[in-house]
1. Can you give the Rg to Rh ratio of the stretch A:1-84, both from alpha-carbon atoms, with Rh computed by the Kirkwood formula?
2. Using the number of other C-beta atoms within 10 angstrom as an exposure proxy, rank B:Lys137, B:Lys46, A:Lys19 with the fewest first.
3. If you split all Cα-Cα distances of the stretch B:4-226 into 10 Å bins from zero, what percentages do you get per bin, shortest first?
4. Helix B:171-186: angle to the longest alpha-carbon principal axis of chain B, degrees 0 to 90, nearest 10?
5. What's the local net charge at B:Gly111, with K and R +1, D and E -1, over the other residues with C-beta under 12 Å away?
6. Hey, how many Å between the Cα centroid of the stretch A:177-234 and the Cα centroid of the stretch A:70-106?
7. If the viscosity is 0.692 mPa s and the temperature 37 °C, what Stokes-Einstein diffusion coefficient in µm²/s follows for the stretch A:108-264 when Rh is the Kirkwood radius over Cα pairs?
8. Taking every Cα atom in chain A, find the radius of gyration and the maximum pairwise distance Dmax, and write them in Å.
Amino acid sequence: MTSTWLADGWTVTWRNMLKFRRSPDYVVFAVLQPIMFVLLFSQVYGGSIRVDGTNYTDYLMAGIFGQTVLFGATFSGFGMAQDLKDGIIDRFRTLPMSPSAVLVGRTNADLALNTISMVIMILTGLVVGWRFRGTVVEFLGGVALLLLFSYSFSWVMALLGMLVRSPEVINNAAFMVLFPLTFISNAFVQTQNLPGPLEAFANWNPVSALVQAARELFGNVGDAPVPDVFPMQHSVAMVVVGSALLLVVFVPLAVARYSRTTGR
Amino acid sequence: MPIIEAEGLRKTYRSKDREVRALDGFDLAAEQGTVTGLLGPNGAGKTTAVKVLTTLIRPDRGIARVDGIDVGADPQAVRRIIGSSGQFAAVDENLTGLENLEMVGRLYHLGIRAARARAAELIELFDLTEAGDRPVKGFSGGMRRRIDLAGALVIHPKVLFLDEPTTGLDPRSRIALWGVIKELVADGTTVLLTTQYLEEADQLASSICVIDSGRVIARGTSDELKGRIGGHRIVITLVDAADSEQARLVLARHGDGEVSVGESGRDLEVPVRSGAPALHGALADLEAADIRLHDAGVRRPTLDDVFLTLTGHRAEEATT
């Protein structure tokens, strides 16, 4: 039945996309929230935060991208938990479909949602004066890298969603863990300005590596020296390897979990 | 060969502080074209049995076969020939009725065009036309249930599993759903359904398995099961509850078992071997004792009586 995973995966993707279209929550997340973040951060902090060698709007955008794709991935956890709760997973599991299709459809749809957010953020960024200073290829590479990370992290969240089984818990946990994680990073400020322990944490924080990688590819780094820790020095490679590792570990785990899970 | 078979199924659920043996030596054999009803209270193991047979969970021990296929060894082959509808309508709120059914058809690998055509057919068949093009969100419980049931019939399944198909439905929807199920059965579909409604098993099932504590404690047709506890029941309703004790003594004299007295003190009931003569005698004595009656009659035992006799507790008040 391995030949059906593509078709089945597409069917579930189609179903998830229909859901997106019909629930306003997703539209708010995918369209309004990115616009709001870009506008708030660039206009409110833009005048007060100084970054060496570049303007704050340029510096900021990679951070907002990173934050948005990170939170975007949590939709996969939320979606799996919700489907379990609604009993749809039980319906799927009695159908002769590929066992990976529900997860493939979930993560595909969430990738599509994140891609839409990205495009909207990019447009909003350009409107408020953001410019990427590298080549177009590097720019596209940066976008691809952010989406790759988001996709990989989606699988982690999908597994979590099946383990936790409560959409509310997933939402709260995402907020409690990911919010501090993005704020104690280089997403919105330069880490060398943070107090000692926070600076160390921020420099090793995977979110920092993600943001640093995007920032490098967008040519928005500025003059400040890159913190002398391995993940920051090799951020692009770290994100590629890290994302691949997440997939290698979590795709099989999530599929195995799915094959044994039942609602209620 | 039976089309649904289960032998010695065992399933224990463990949580931190306790173990629940949901199935404990569960055996079942259902012939093609029949309707088998699993009847039992909440927590008796009905849903677990269905979940094993529909490939959702693996038993700790025992073997289950559908159409000769070992459910544990080749679940995908089983999934290709069964339809199932769970206890809670598993429909997607944000999709329309048509889209829900199209999705299921596509996942049965009918192809998009055939899935769409079948979805339209089922919407028609289940009288859901006004609901076909609107998201399920706004539908009543009965409508959702029908969409879910339609989902179980997207292919013409060899075996249909229905887990408490009418739980939570209003009486009108329930009777409508019974009609749908009866039509399917008339067309030759083999059905396994679970229910905690005695009347439902009576209405739909040609063969009933009474389940308690994870195993089948009795099986047979509705009439056979009723026959097992034998005879009839004399039932009387008094005008005045003050006559209760006196009436009880009269019934005890004519009956063949313990007289049960309802809470109001006005409803009395006693099992008898043969109804009419006993009723006759009892009525004469009640009149002689000047006890006025609202109502009196003979009834055949219900499945509720069967359950009470077999398990010592009533089906509906059983704890989970």
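1. 1.16
2. B:Lys137, A:Lys19, B:Lys46
3. Binned Cα distances yield the sequence 8, 33, 36, 19, 4, 0.
4. It works out to around 70 degrees.
5. Once positives and negatives cancel, what remains is +3.
6. Between the Cα centres of the stretch A:177-234 and the stretch A:70-106 lies a distance of 33 Å.
7. My calculation gives 192 µm²/s for D.
8. Gyration radius and largest Cα-Cα distance of chain A: 18.9, 59 Å.
All of the numbers you see were taken from the coordinates with simple rules; none came from a lab. What you see is a predicted model, and the numbers here were worked out from it, not measured in a lab. FYI the Cβ positions are ideal-geometry reconstructions off the backbone, even for glycines, and counts take in every protein chain you see.
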